[in-house]
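The block underneath contains the structure these notes are about, expressed in structure tokens.
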Amino acid sequence: MALLPVADALKRILDRASVLETESVDLLHARGRTLVSPVISKLDNPPFDASAMDGYAVHAHDVAEIPAELTVIGEAGAGRPFAGTLAKGQAVRIFTGGAVPNGADAIVIQENVSASGTTITVQETAKRGANIRPKGQDFTNGERLIEPGRLLTARDVLIAASCGHGTLSVTRKPVVAIVSTGDELVPPGSALGPGQISGSNAYGLAAVVETAGGEARFLGIAQDSLSSLEKCINAAEGADVLVTSGGASVGDHDLVRPALEKAGAELDFYKIAMRPGKPLFFGSRVSNGKVQYCLGLPGNPVSALICARVFLVPLIGRLLGRETPLESLEAALGEPLPANGPREHYMRGLLDTNTATPLVTAFKNQDSGLIKSLQRANCLVVIPANTPAQAAGSIVKVLRLDI
Ligand code: AMP
Ligand code: MG
């Protein structure tokens, strides 16, 4: 099989996947969910002309000449409006958030007023509308406030709660089952025996899944045997996506593909023209009566995580009904780059946008075993397949890392 270009592989994944069902979620649990229908305000905000300060509601004409003496005829607190109407020469004591009474058109702040019984002396003039938040100045009934497809943030939840919605319709969270494979892996924090390493991928991948809006379900470490793999694959029953890491190439111990095929998966592709990440496969099977997408990621932690950002995040996005592009920009190379081979290279690097033209430097050593360089990187420099050597200053495409 010829190596599949990254863009084609991604398209094939996205073409197969479709959006999950809609459900209703309480606002307390809406953060991180994907909105299905637009949020349309049911209210004006503020719902009435409201005082922005503690002071006195007056008619601006009455304080055009100062000092001005006025008679206080009542009080308007937040949630306790004043029922009457101000006549000439009258004022109402008012507090922040109180409704501006009929007949008043300005608020004088209490610092500019001296009071004696029901008489006040106003020491400052006030323009019409002073210290008043007019009804609907923030947003109005019927206004479209949040677009569908949005991964809801704290700010979105705040405005949804402000505009008359107690629940929102969101896409069901895709459940993403994660299986690590390898006889050498031990759980993080365990002492290492001879030849063992810390099995880190599942933890990084679970974090990617959660960041993307999915629900991660770690199914443990499968040994490099068909029976152990089968056990883990069976435990993925009912998940929307099954992600494996490791065992994806064609070594004697790379049994993930055969195990998945035995479990009913039909593979769409299994080699892509990408560095890091050649042994990556994608397919689907029916599990518990519904489609389960199967993504086999490479075992090297750096490859696994970069491929997860490039392929798994968009897959989760498609299931949720949202777009997940990495922010892309052009930058000048700070150091020259050697010629690239036949695979598109996603190089870890550092982007500096404090210069007139953004400047990017790819790390010298791009070995996919170097986890620290991924952790330190803030971007990926994308070099197309078969690009000749490039001098410093050449313009390249850069993707900002967001995981
Ligand atoms: P494999 O694709 O299984 O041949 O794995 C490639 C490399 O990645 C090997 O050095 C593995 O030890 C390593 N590796 C595989 N899975 C993990 C994992 N979950 N955590 C950390 N390293 C891994
Ligand atoms: Mg392995």
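Couple of notes before you dig in:
- Residue of ASP352, ASP138, ASP224 that the Gaussian network model of the chain assigns the largest fluctuation, springs spanning Cα pairs under 10 Å: ASP138
- Around ASP367: net Lys/Arg minus Asp/Glu count, Cβ-Cβ under 13 Å: +4
- Looking at the chain, the DSSP beta bridges with both ends there are about 65 percent antiparallel.
- Size descriptor, Kirkwood hydrodynamic radius, that averages inverse alpha-carbon separations across region 329-400, Å: 12.1 Å
- For region 246-403, average projected area of the Cα convex hull in nm²: 10.5 nm²
- Dipole orientation for the chain: of the candidates SER18, ALA91, THR361, SER18 has the Cα lying most toward the positive pole (charges on Cβ; Lys, Arg +1; Asp, Glu -1).
- Bridge type composition, region 223-309 - antiparallel percent by DSSP, nearest 5: 65 percent
- Where GluC sites (Glu not before Pro) fall in DSSP loop in region 316-351, at most 13 other Cβ within 10 Å: GLU323, GLU327
- Gaussian network model of the chain, Cα within-10 Å springs - most flexible of LEU337, LEU70, LEU145: LEU70
- Per residue solvent-accessible surface (Å²) - the chain, probe of 1.4 Å: 47 Å²
- Equivalent ellipsoid dimensions for the chain as semi-axes, Å, which come from the Cα gyration tensor, largest first: 61, 26, 18
- Charge dipole (Cα centre; +1 on Lys/Arg Cβ, -1 on Asp/Glu Cβ; no other charges) of region 329-400 amounts to roughly 200 debye.
- Computed label-point distance, nm, for sites THR140 and ASN234 using a 7 Å Cα→Cβ extension: 6.4 nm
- Two-decimal Rg to Rh for region 50-133 - Kirkwood Rh, Cα set: 0.91
- Atom-type composition of the exposed protein surface of region 50-133 places 48 percent of the accessible area on carbon and sulfur (1.4 angstrom probe).
- Gain upon complete extension [THR118, ARG155; 0.36 nm per residue less C-alpha separation]: 9.0 nm
- Reciprocal mean inverse distance between Cα atoms of region 149-232 - Kirkwood radius, Å: 15.6 Å
- Prolate/oblate/rounded call for region 187-331, Cα gyration tensor, a/c under 1.5 rounded: rounded
- For the cross-link pairs LYS42/LYS173; LYS231/LYS364; LYS42/LYS290; LYS11/LYS262; LYS231/LYS290; LYS231/LYS372, the ones whose C-alpha atoms lie over 30 Å apart are LYS231/LYS364; LYS42/LYS290; LYS231/LYS372.
- Taking amide hydrogens as placed 1.01 Å from N in the peptide plane, the amide H of THR153 sits under 5 Å from those of GLY32, each at least 5 positions away in sequence or on another chain.
- Net charge, PHE82 excluded, C-beta distance under 12 Å - Lys, Arg +1, Asp, Glu -1: +1
- Whichever lysines have a C-alpha closer than 22 Å to that of LYS127, once near sequence neighbours (fewer than 8 apart) are set aside: LYS88, LYS135
- GNM on the chain, alpha-carbon springs under 10 angstrom: the most fluctuating residue among ALA263, ALA239, ALA308 is ALA263.
- Anisotropy class assigned to region 1-106 is prolate, per the alpha carbon gyration tensor with a/c at or over the 1.5 cut-off and a/b larger than b/c.
- Within region 227-298, GluC sites (Glu not before Pro) in DSSP loop having at most 16 other beta-carbon neighbours inside 10 Å: GLU237
- Around GLN292: net Lys/Arg minus Asp/Glu count, Cβ-Cβ under 10 Å: 0
- Bridge orientation summary for region 168-312: considering DSSP beta bridges with both residues in this region, about 35 percent are antiparallel.
- The gain in end-to-end length when the ASN102 to ARG80 segment is fully stretched comes to 6.5 nm, 0.36 nm per residue minus the alpha carbon separation.
The values are calculated or read from the model by the stated rules, or taken from the named source; none is laboratory data. Predicted, not measured: the structure shown is a model, and the values here were computed from it. Note: ideal-geometry Cβ built from the backbone for every residue, glycine included; neighbour counts use all protein chains shown. Protein only, heavy atoms only, side chains kept; ligands, DNA and RNA dropped before computing areas. Shrake-Rupley method; radii C 1.70, N 1.55, O 1.52, S 1.80 Å.
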